[in-house]
Amino acid sequence: MKALVPIKRVVDYNVRIRVKGDGTGVDLNGVKMSVNPFDEIANEAALKLKEAGVISEVVVVTIGTAKAEDQLRSELARGADRGIHVVTDEEIQPLQAARILAELVKRENADVVIAGKQAIDDDNNQTPQMLATLLDWPQATFASDIKIDGGKATVQREIDAGAETLEVDLPAVISADLRLNEPRFIKLPDIMKAKRKPLDKVELSEFDIDVPKLEVVSTSNPPAREPGRMVKSVEELVAALKDKGLV
Amino acid sequence: MNIPELLAEALPQDCVTTEAWALQSYGCDRTTIWPAQAVAVVRPRHIDEVQRCVQLANEHGFAVVPSGGRTGLSGGAVASNGEVVLSLERMNRIVDFDPVDASVRVEAGVVTAQLQDYARDKGLCYPVDFAAAGSSQIGGNISTNAGGIKVIRYGMTRDRVRGLSVVTGKGERLELNRGLLKNNTGYDFRHLFVGSEGTLGVICEATLALAPAPADPLVLVLGVPRFADVLEVLASFRQRFSLSAFESFSDNGLRKVCAAHRLATPLSTPAAYYALIEVDECDGAAEQAVAAFEYCVDQGWVSDGVISQSLGQAAELWKLREYLSETLAAWTPYKNDISVAVSRLPAFLAEADALMAARYPDCEVVWYGHIGDGNLHLNILKPERWSKDDFLARCSAVTDELGDLLVRHGGSISAEHGVGLLKRDYLHYTRSPAEIELMRGMKALFDPRGVLNPGKLIA
């Protein structure tokens, strides 16, 4: 069974981001970039299934600038077998990404796609769902547990009221949520091995991504939080809450 | 009139407390050896009130223990002899910041992490950092010359101090060094107060130098089967990088931390020792790190290793080191905080190891340390069946032998934890009789009536 795991190079989760002065986006100049954390979890899940003998090959895919190769190599070091890098400087939106991935799934003849549920830079949470639709495959999103057996995947997913368990026929698209696993640390010997793992570079022009795009009109900081007020007694607190109509 | 009444009369009412919880809590530091026996806790808001308190102590002959975050490990802030605890915690304002001088003026009660956050918001950094940074206070850091995990690059607290406001044991107020970078006008009293452990005066305010904001960290944890090879690893990484940290810890310590905090062990195959290395993330840094690692593996020094892929992972790896002290607290450890020149570490350690094995056959010994600074923390864990007193007596005896060993290797009995009560009687292993006599003279000069922290540092 072959798994395809899409990953994205994003601004590191721990970076305090700054909005550009002219409001055209977030300043990424000199900012630490990492693998989207949900994608690390997705790859970890695929690798665990590989270690369990369920999946035979894990192919990691990224769509991005030449520098995104760093992130692809990281995930190869984590244990993926092969990488595909669709090289572009263009900003790719979810529907475009889903179209590219759908094409790659067909070329690779993959049996399952395990993806992060969303990327932490744009927080769209759309690509896995669109991909499933384009492929006409079942989808199981926000997975917190994945079991694969006999051509079916049993996926536990987190919903507002608790946990829901789905059974989907393979091939399918599964998207990973935060509690699915804790990705392992990457070992230095594996980084050395990853340098020699096959990595195909593919031109963006090979894909039909001519779809309407969203335009970002402006980016701004959230409104500053209003300062708190210290009260001296419980009575004063209750009075203040009543005043605001909160009790 | 008794002491609490005297204080209550001379100082604003809410500055003085004698409530049992306060006497207990403010009378202790992180050591659990001496019981809290304070008579009152004074928490002033202003330097004038500090001065008034010290003057009263001189007039009426009571002892005062200056107190910060009470995270000390040597009993320097313990009040177990009927003293008044003078806590600086309410003097916690950041008074001034100057971007041109890259310095900040703070009151003594500012918490270390508060200053670190403040400096970060200003695009700079306060680089003194250690596990207790969330509770320790600047005044305490200065009076113990705190070190920590970034000494290899930034030096100790002393290297940050540009100026001090102190109230001496005599009750005088002194402005030391005026925050200047260059000031060659004779004896620099500022440096006397750094590391004086509250025996000369009460540090009330400080001007501290900030450093440029550091680059993002890249963190490696390497498995090293033999201790002597940790130093080889240090040397080979030093050739390639300006290190921002080089820490080491033993496998039994790592296992305790991972169990207590439910952390994943970083390496699938354990090694007897680990090195945690932090370098600046920049283009090519990861490749350099892999190359250095490869070299160390080829030499047979290193068995395995991991490298952080994100800032989150860098922080995760640091937990393995930072949680050690707190984790071991459950075993009531006897802490030896020693240093020798880095180059002498292997020879010293071979002998120290043999000593530990011979003298503590029944005790587990966990060690970790700032290897890049030649600083080791040897923690002797108390076997459950031993009483605290038995255990302490045994440990003290071994400390004398360790002292002899340190004399031979030219080391220090207290690298960064200070002397306090715990190491006072071992001071002579590091300082000569002539030096100790001069220390006494110095103490008499600044605190002629001996009201400040009596019995600490020097007997």
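The values are calculated or read from the model by the stated rules, or taken from the named source; none is laboratory data. Everything numeric in this text was worked out from a predicted model, so none of it was measured. Quick reminder, even Gly has a Cβ in these numbers, built from the backbone with ideal geometry, and neighbours come from all protein chains shown. Surface accessibility is based on the protein's heavy atoms, side chains included, excluding ligands, DNA and RNA. Shrake-Rupley method; radii C 1.70, N 1.55, O 1.52, S 1.80 Å.
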Note to self: Suppose we keep only residues that are of a type in the set (S, T, Y) and farther than 23 Å from B:I203 by Cα within the stretch B:1-44. Which one would you say is modelled with the lowest pLDDT?
What the structure shows: B:T32
Note to self: Contact list please: Cβ distance under 7 Å, first residue in the stretch B:337-361 and in a loop (DSSP other than H, G, I, E, B), second residue exposed (fewer than 13 other Cβ atoms within 10 Å of the Cβ), pairs at least six apart or on different chains.
What the structure shows: B:V340/B:G410; B:A341/B:G410
Margin query: Looking at the stretch A:22-50 only, could you name the residues that are outside any strand (DSSP E or B), surrounded by 16 or more Cβ atoms within 10 Å (Cβ to Cβ) and of a type in the set (A, V, I, L, M)?
Written below: A:I41, A:A42, A:A45, A:A46, A:L47, A:L49
Item checked: Residue selected from the stretch A:142-153 under the condition more than 23 Å from A:P37 (Cα to Cα) and either open to solvent by 50 Å² or more (accessible area, probe 1.4 Å) or hydroxyl-bearing (S, T, Y) (or both), by the criterion farthest from the chain's Cα centre (by Cα) -> A:G150
Check: Inside the stretch B:372-400, can you point out the residues that are under 20 Å from the mean Cα position of the chain (by Cα) and more than 21 Å from B:S74 (Cα to Cα)?
Finding: B:G372
Check: Out of B:D29, B:D14, which single residue is open to solvent by 20 Å² or more (accessible area, probe 1.4 Å) and of a type in the set (D, E)?
Finding: B:D14
Next item on the list: Please work out which residue is farthest from the other protein chains (Cβ to nearest Cβ), limiting yourself to the stretch A:184-205 and to residues that are open to solvent by 100 Å² or more (accessible area, probe 1.4 Å) and either assigned to a loop (DSSP other than H, G, I, E, B) or without any contact (Cβ under 8 Å) to a residue 12 or more places away in the chain (or both).
Entry: A:S205
Check: Restricting to the stretch B:109-152, what's the tally of residues that are of a type in the set (S, T, N, Q) and on the phi > 0 side of the Ramachandran plot?
Finding: 1
Checklist line | Residue list for the stretch B:270-295, restricted to those being in a helix (DSSP H, G or I) and of a type outside the set (S, T, N, Q) | finding: B:A285, B:A286, B:E287, B:A289, B:V290, B:A291, B:A292, B:F293, B:E294, B:Y295
Note to self: On the basis of being open to solvent by 20 Å² or more (accessible area, probe 1.4 Å), in contact with a helix residue (DSSP H, G or I) (Cβ under 9 Å, 6 or more places away or on another chain) and part of a strand (DSSP E or B), does A:I84 make the cut?
What the structure shows: no
Next item on the list: State the number of residues belonging to the stretch B:35-53 that are of a type in the set (V, I, T) and either closer than 13 Å to B:V451 by Cα or assigned to a loop (DSSP other than H, G, I, E, B) (or both).
Entry: 1
Next item on the list: State yes or no: is B:Q24 open to solvent by 50 Å² or more (accessible area, probe 1.4 Å), in a helix (DSSP H, G or I) and not β-branched (V, I, T)?
Entry: yes
Next item on the list: Considering each of B:V194, B:V219 in turn, give the residue that is in contact (Cβ under 8 Å) with a residue 24 or more places away in the chain, among the β-branched types (V, I, T) and farther than 30 Å from A:L188 by Cβ.
Entry: B:V194
Next item on the list: Please specify each residue of the stretch B:320-366 satisfying the condition of being open to solvent by less than 20 Å² (accessible area, probe 1.4 Å) and either in contact with an Asp or Glu (Cβ under 9 Å, 6 or more places away or on another chain) or among the aliphatic types (A, V, I, L, M) (or both).
Entry: B:L320, B:R321, B:L324, B:L328, B:D337, B:I338, B:V340, B:L345, B:L349, B:A352, B:M356, B:V366
Check: Which of the residues belonging to the stretch A:12-40 are away from chain B (no Cβ under 12 Å), at negative phi and in contact (Cβ under 8 Å) with a residue 12 or more places away in the chain?
Finding: A:I17, A:V19, A:K20, A:T24, A:V26, A:L28, A:F38
Margin query: Being out of contact with any strand residue (DSSP E or B) (no Cβ under 6 Å at 6 or more places or on another chain), among the aliphatic types (A, V, I, L, M) and within 7 Å of chain A (Cβ to nearest Cβ) is the filter here; which residues of the stretch B:291-314 pass it?
Written below: B:L311
Check: Any idea which of A:R99, A:R82, A:R9 is charged (D, E, K, R) and within 14 Å of chain B (Cβ to nearest Cβ)?
Finding: A:R9
Checklist line | Every residue from the stretch B:200-230 that is away from chain A (no Cβ under 14 Å), farther than 19 Å from B:D373 by Cβ and not in a strand (DSSP E or B) | finding: B:L200, B:L210, B:P225, B:R226
Notebook entry, point to check: Looking at (1) open to solvent by 60 Å² or more (accessible area, probe 1.4 Å); (2) in contact (Cβ under 8 Å) with a residue 60 or more places away in the chain; (3) touching a strand residue (DSSP E or B) at 6+ places or on another chain (Cβ under 9 Å), which is the only condition B:G147 fails?
Noted result: (1)
